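Written below as C-alpha cells is the structure these notes are about.
The values are calculated or read from the model by the stated rules, or taken from the named source; none is laboratory data. The structure presented is a predicted model; accordingly, all values stated were derived computationally and were not measured. Here the Cβ is made from the backbone with ideal geometry for all residues, glycine too, and neighbour counts use every protein chain on show. Remember, those area values only see protein heavy atoms, side chains included, never the ligands or the DNA or RNA. Shrake-Rupley method; radii C 1.70, N 1.55, O 1.52, S 1.80 Å.
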Amino acid sequence: MNNILSVLENFSLDNADDIAISMAKGRAEVMEVLHKFHREGMTVVLITHFMDEAAQADRILVIEEGELKM
C-alpha cells in the first residue's frame, strides 16, 4: 500500500493546453510505474476500458454484461 501511496503522491501531469494529451501522458506514466512494479515481482491487477493497456497483460479476463468471459 505504501508503494501505491507513494506513486499517487508523486504522480503529476505536465501542464498542457490539450486535456486529451495530458490524459494520454498520465496513462502512459501510470502504465510505466505498473510495469516497473511487475518487473520487481509485484502482482499487478489492472482494471481498464482501454484494450491497448489490457493487451500488455500476461492474462486478460473480460466481464461482459456482468459475466466473466475468458
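Cβ-Cβ distances below 8 Å connect the following pairs, each with a first residue in the range 50-70 that is of a type outside the set (A, V, I, L, M), a second residue that is in a helix (DSSP H, G or I) and surrounded by 11 or more Cβ atoms within 10 Å (Cβ to Cβ), and a separation of six or more residues or different chains: Phe50/Arg27; Glu53/Arg27; Glu53/Met31; Gln56/Met31; Gln56/His35.
So that you can scan it fast, the table gives a plain yes or no per residue for (1) of a type in the set (Gly, Ala, Ser); (2) at pLDDT 65 or above; (3) open to solvent by less than 60 Å² (accessible area, probe 1.4 Å):
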residue	(1), (2), (3)
Ile19	no, no, no
His35	no, yes, no
Met42	no, yes, no
Thr48	no, yes, yes
Ala54	yes, yes, yes
Ala57	yes, yes, yes
Met70	no, yes, no
